[in-house]
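What follows is a short report on a single structure.
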Amino acid sequence: MTLAVNHQNTTETPVTVAPQGIPAVAGAGLSVPLVTGGEIGYANLDHAASAPCLDAVRRAVDEFLPWYASVHRGAGFASQVSTRLYERTRDILRRFVDARATDTVVFTRNTTDSFNLLARSLPRHTSVVVFDTEHHAALLPWRGPNVRRIPAPRTRLAAVSAVDEALAECPQGPRLVVVTGASNVTGELLPVAEIAAVARRHGARIALDAAQLAPHRRISLRELDVDYVALSGHKLYAPFGAGALIGRADWLRAAQPYLAGGGATKLVTGEADELAVVWNDGPERHEAGSPNTVGVYALGVACEQLAAHWDAVGAHEEILLSRLRKGLAAIPGCAELRLFDAPVDRVGTVSFVVDGFEPGWLAAVLSAEYGIGVRDGAFCAHVATKRLIGVAGGAGRQAVRVSLGLGSTTEHVDRLVLALRQIVARGARWEYTKQDGRWAPVGDPRALPPFCA
């Protein structure tokens, strides 16, 4: 459906057909104000940053909240309920990523937290190989002289060969390859299984950044032959502050606790000036402090919902992605960013630049005049974004990113494409200026909701 917007006074929310067979999201009927007057249904095309909450997750959390209590050491009935749900979620996540029976599940805040935990748990003198085009969560935690950051080549075969060569140059000792499942800049899938096979030949382990892959595709640690996987709840339609690191237990069990505190300890003895600590061996070793029980439970519910609807989720996204890329290709001066020269499998994320238009300005106009939420900038992948803009024939370090998900509809995609056509053809209808480094409408008449006061 193509939307014809009356920018002078839009008061009606456009009618959209809810996708069939996929989980519903909170905020699907949200309307937002326009600077030109009136309201319009919000087109959330920024799922890669933070996905909306599933309705099923919201209902589950509401049901659980009266029972919320401390976990593991509480004798009360509510504590037993909370502990049961918290620990059951470990099993849900194992199934969600098809983990091995011996794999451990450590609850974290997000993917960044997970990789920092893994970095702290590496044996001494571990060599790390990572593409420099990774998201900062997977790029920055690794430190020391044995870290090899390699440029991502323009073909999948060359990417595998680059990892092979880098591992061959590593000194003897433990080795780890870190790779993303799906680029958060372009949505393209990396050849994870092929890279894992190379890692095995060199006696290396492999860690998978699944932050952008897990919301879109089934993951099997066993089929991919991956040792670790990190994921985030806020990308998985469970925005309650929980994530997980899932994988082999030995390095984690041997490492010093990520945080020192209650829950990580099995026994503390001695006097105040000389304490002896026996740390837990299981995942609790790295989960000190009162855990985010609500967030963990929400993450488990979201994973169960996605696992039950993968076919419908994939079909929905494929339709929208094809429609989006076809529309963008027809816009004068619009260039899509790509890691690889040849077409590859991908999830519903597309970044682009438009010749002559600053990405931040474009995003501000799309929001203020069309009710469309996109992302602009370098997407916490500064090296990748700058390089790919150059490959696409553009200049600068920033782009616009559109990311699809369960809250996206054909109307949203069509509205975006139409809006970009109109902006390229005749510019904006409102005046914009930079405020604290961000573009914003001059004299913005839109009022924030009362709860923001």
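The values are calculated or read from the model by the stated rules, or taken from the named source; none is laboratory data. All values reported here derive from a predicted model rather than from experimental measurement. With ideal geometry, Cβ positions are generated from the backbone for all residues, glycine too; neighbour counts draw on all protein chains shown.
For the list (1) in a helix (DSSP H, G or I); (2) within 18 Å of residue 412 (Cβ to Cβ); (3) in contact with a strand residue (DSSP E or B) (Cβ under 9 Å, 6 or more places away or on another chain), I need the number of the one condition that residue 317 fails.
Exception for residue 317: condition (3).
Results for (1) touching a residue at least 40 places away in the same chain (Cβ under 8 Å); (2) surrounded by 16 or more Cβ atoms within 10 Å (Cβ to Cβ); (3) more than 30 Å from residue 444 (Cα to Cα), shown as yes or no for each residue.
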{"position": "328", "(1), (2), (3)": "yes, yes, no"}
{"position": "333", "(1), (2), (3)": "yes, no, no"}
{"position": "348", "(1), (2), (3)": "yes, yes, yes"}
{"position": "380", "(1), (2), (3)": "yes, yes, no"}
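Does the range 162-178 include one or more residues that are part of a loop (DSSP other than H, G, I, E, B) and within 17 Å of residue 93 (Cβ to Cβ)?
Among the residues of the range 162-178, not one is part of a loop (DSSP other than H, G, I, E, B) and within 17 Å of residue 93 (Cβ to Cβ), which makes the answer no.
May I ask you to say which residue of 335, 368 is aliphatic (A, V, I, L, M), part of a strand (DSSP E or B) and either touching a His at 6+ places or on another chain (Cβ under 9 Å) or at pLDDT 95 or above (or both)?
Unique residue meeting the criteria: 335.
Kindly evaluate residue 291 against the criterion of being surrounded by 13 or more Cβ atoms within 10 Å (Cβ to Cβ), touching a residue at least 24 places away in the same chain (Cβ under 8 Å) and under 28 Å from residue 253 (Cβ atoms).
Yes; evaluated as a whole, the condition is true for this residue.
I'd like to verify a number: residues in the range 17-57 that are over 30 Å from residue 186 (Cβ atoms) and part of a strand (DSSP E or B), how many?
Final tally of qualifying residues: 4.
Name the single residue that is farthest from residue 329 (Cα to Cα) among those in the range 352-365 being more than 22 Å from the chain's Cα centre (by Cα) and not in a helix (DSSP H, G or I).
Among residues in the range 352-365 that are more than 22 Å from the chain's Cα centre (by Cα) and not in a helix (DSSP H, G or I), the one farthest from residue 329 (Cα to Cα) is 358.
Give me the residue from the range 228-241 that is within 8 Å of the chain's Cα centre (by Cα) and in a strand (DSSP E or B) and, out of that set, nearest to residue 27 (Cα to Cα).
Residues of the range 228-241 within 8 Å of the chain's Cα centre (by Cα): 231-232, 234-236.
With in a strand (DSSP E or B) added as a condition, the list becomes 231-232.
Working: 231: 23, 232: 20 Å.
Among those residues, the one meeting the criterion is 232.
Please go through (1) farther than 26 Å from residue 52 by Cα; (2) touching a residue at least 60 places away in the same chain (Cβ under 8 Å); (3) assigned to a loop (DSSP other than H, G, I, E, B) for residue 395 and return the number of the only condition it doesn't satisfy.
Of the numbered conditions (1) farther than 26 Å from residue 52 by Cα; (2) touching a residue at least 60 places away in the same chain (Cβ under 8 Å); (3) assigned to a loop (DSSP other than H, G, I, E, B), the odd one out for residue 395 is (2).
Could you say whether any residue in the range 232-254 is modelled with pLDDT of 95 or more, over 30 Å from residue 347 (Cα atoms) and of a type in the set (D, E, K, R)?
Checked the range 232-254: at least one residue is modelled with pLDDT of 95 or more, over 30 Å from residue 347 (Cα atoms) and of a type in the set (D, E, K, R).
Any residue at all in the range 133-153 that's over 22 Å from the mean Cα position of the chain (by Cα), in a loop (DSSP other than H, G, I, E, B) and more than 24 Å from residue 249 (Cβ to Cβ)?
Yes - at least one qualifying residue is present in the range 133-153.
Tell me, yes or no, whether the range 209-227 has at least one residue that is assigned to a helix (DSSP H, G or I), touching a residue at least 40 places away in the same chain (Cβ under 8 Å) and not basic (Lys, Arg).
Yes.
Condition check ((1) assigned to a helix (DSSP H, G or I); (2) in contact (Cβ under 8 Å) with a residue 60 or more places away in the chain; (3) under 28 Å from the mean Cα position of the chain (by Cα)) across all residues:
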{"site": "59", "(1), (2), (3)": "yes, no, yes"}
{"site": "71", "(1), (2), (3)": "no, yes, yes"}
{"site": "75", "(1), (2), (3)": "no, no, no"}
{"site": "88", "(1), (2), (3)": "yes, yes, yes"}
{"site": "93", "(1), (2), (3)": "yes, yes, yes"}
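Which condition from (1) modelled with pLDDT under 95; (2) under 30 Å from residue 36 (Cβ atoms) is the one that residue 327 breaks?
(1)
Mind checking whether some residue in the range 31-45 is of a type outside the set (A, V, I, L, M, F, W, C), out of contact with any strand residue (DSSP E or B) (no Cβ under 8 Å at 6 or more places or on another chain) and at pLDDT 95 or above?
no
Hey, among 381, 425, which residue is among the aliphatic types (A, V, I, L, M) and over 30 Å from residue 219 (Cα atoms)?
425
For the range 135-176, enumerate the residues that are at pLDDT below 95, surrounded by 13 or more Cβ atoms within 10 Å (Cβ to Cβ) and closer than 21 Å to residue 230 by Cα.
Matches in the range 135-176: 152 only.
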